[in-house]
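None of the figures in this text is laboratory data; all of them are computed from the coordinates on show. Note that this is a predicted model, so its numbers are computed, not measured. No Cβ is skipped: glycine too gets one built from the backbone with ideal geometry, and neighbour counts run over all protein chains shown.
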Amino acid sequence: MRVLAIGECMAEMAPTDTDGDYRLGFAGDTFNTAWYLARCAPGVGVSYLTAVGDDAISQKLTTFIRESGIDGSHVRVAPNKTVGLYLISLDQGERSFSYWRGQSAARALADDPALLDAAMADVDLIYFSGITLAILPPEGRTRLLNALRKARAAGKAIAFDPNLRPRLWESTETMKKVIMAGAAVSDLALPSFEDEADWFKDANPTATAERYLGAGAYTVIVKNGADPVLYADGNSRGEVAVIPLDTLVDTTAAGDSFNAGVIARHAAGDTITNGIAYACALSRAVVQKRGALVPIDPATLPTPDAN
């Protein structure tokens, strides 16, 4: 299977174990998923579509993408731009972010419809997020959604994490409208209940799942922190329990790595319940270390029968 992830990869300043010290790295929601997928599913071809600037740090980012085992041939260069930057703050393992992304070249990732079509034509599954949509200007959102719609009609599978971040949007109403437009072009939706309850006022994970199914998604997997993960499709509904975690260090890429686990097991032809159990194990390992991208040995991740 070949997978294309679309979005923004930023320069990351992550706190180290020494108070006041930070480590420079690169991360971003869809890139994190691509990075973990490349490690957990070495037989899957992973590529990334974004835009970077023409400065030194953009060159470092493109090198990092290639060295991560991810195909960077669909990374376009936007002159006189750079990459976005964010800084992580931690409070007992829970993270908050400060962003500097006004000049981010990734805002131009959907400027070329021909590039979008070419990148999507060469893969089996396409993954994007609400953040991917949020950073684009309105016309870019339209181009991306149109390209995804065409790719789905051509038989490509589309996976979507709504990843609701109201501060990135012009208004909450725009966010909600565009997020549901993203769901309408997707086969698999991967929402987080806490966010959905805050902004869509869902009473429970089942309400979240039914809303995304109603929008057009075929399968919905609702993440819910330490509570069971709910899944729903046209034929079934169910839950997979989450094993309690004693140590929580950094939740930065918890959902992103979970999504990678789901896609990895889907690529292997596994059941949805086994895929969720594997994704939970991967996410659990990730949040016990600092930073978005942490070393993971796939051989240590169990793939229990969750049925």
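So which residues in the stretch 40-57 are surrounded by fewer than 21 Cβ atoms within 10 Å (Cβ to Cβ) and either in a helix (DSSP H, G or I) or of a type in the set (Ser, Thr, Tyr) (or both), if there are any at all? Scanning the stretch 40-57 gives ALA56, ILE57. The residue list ALA184, ALA159, ALA153 contains one member that is touching a residue at least 40 places away in the same chain (Cβ under 8 Å) and within 20 Å of ALA110 (Cβ to Cβ), which is ALA159.
Under 8 Å between Cβ atoms, which residue pairs at least 6 apart in sequence (or on different chains) link something in the stretch 38-67 that is touching a residue at least 24 places away in the same chain (Cβ under 8 Å) and closer than 20 Å to PHE258 by Cα with a partner that is buried (at least 19 other Cβ atoms within 10 Å of the Cβ) and of a type in the set (Asp, Glu)? Short answer, once both residue conditions are applied: GLY45/ASP71; VAL46/ASP71; SER47/ASP71; TYR48/ASP71.
Within the stretch 71-126, the set of residues being in contact (Cβ under 8 Å) with a residue 24 or more places away in the chain, of a type in the set (Gly, Ala, Ser), closer than 19 Å to LEU24 by Cα and part of a strand (DSSP E or B) comprises SER89, SER104. Within the stretch 267-283, residues that are touching a residue at least 24 places away in the same chain (Cβ under 8 Å) and within 22 Å of LEU4 (Cβ to Cβ) reach no partner that is among the small types (Gly, Ala, Ser) and surrounded by fewer than 20 Cβ atoms within 10 Å (Cβ to Cβ) with beta carbons closer than 7 Å at six or more positions or on different chains.
Taking the stated definitions as given, is ALA41 over 28 Å from ARG141 (Cβ atoms) and touching a helix residue (DSSP H, G or I) at 6+ places or on another chain (Cβ under 7 Å)?
Details: over 28 Å from ARG141 (Cβ atoms): yes; touching a helix residue (DSSP H, G or I) at 6+ places or on another chain (Cβ under 7 Å): yes.
Considered against the rule, which asks whether it is over 28 Å from ARG141 (Cβ atoms) and touching a helix residue (DSSP H, G or I) at 6+ places or on another chain (Cβ under 7 Å), ALA41 comes out as yes.
Scanning the stretch 216-227 for residues that are within 17 Å of ASN259 (Cβ to Cβ) and either without any contact (Cβ under 8 Å) to a residue 40 or more places away in the chain or of a type outside the set (Ser, Thr, Tyr) (or both) yields ALA217, TYR218, VAL220, ILE221, VAL222, LYS223, ASN224, GLY225. Based on this model, can you work out whether LEU213 counts as surrounded by 15 or more Cβ atoms within 10 Å (Cβ to Cβ), of a type outside the set (D, E, K, R), outside any loop (DSSP other than H, G, I, E, B) and without any contact (Cβ under 8 Å) to a residue 40 or more places away in the chain? In short, yes. Each residue in the stretch 142-168 was checked for being of a type in the set (Val, Ile, Thr) and either touching a strand residue (DSSP E or B) at 6+ places or on another chain (Cβ under 8 Å) or closer than 12 Å to VAL123 by Cβ (or both), and 1 pass. Residues in the stretch 230-252 that are more than 28 Å from ALA217 (Cα to Cα) and either touching a residue at least 40 places away in the same chain (Cβ under 8 Å) or surrounded by 13 or more Cβ atoms within 10 Å (Cβ to Cβ) (or both) were compared, and the one that is nearest to the chain's Cα centre (by Cα) is ASP250. Check the stretch 244-265 and report whether any residue there is closer than 17 Å to SER129 by Cβ and charged (D, E, K, R). So far as the stretch 244-265 goes, yes, one or more of its residues are closer than 17 Å to SER129 by Cβ and charged (D, E, K, R).
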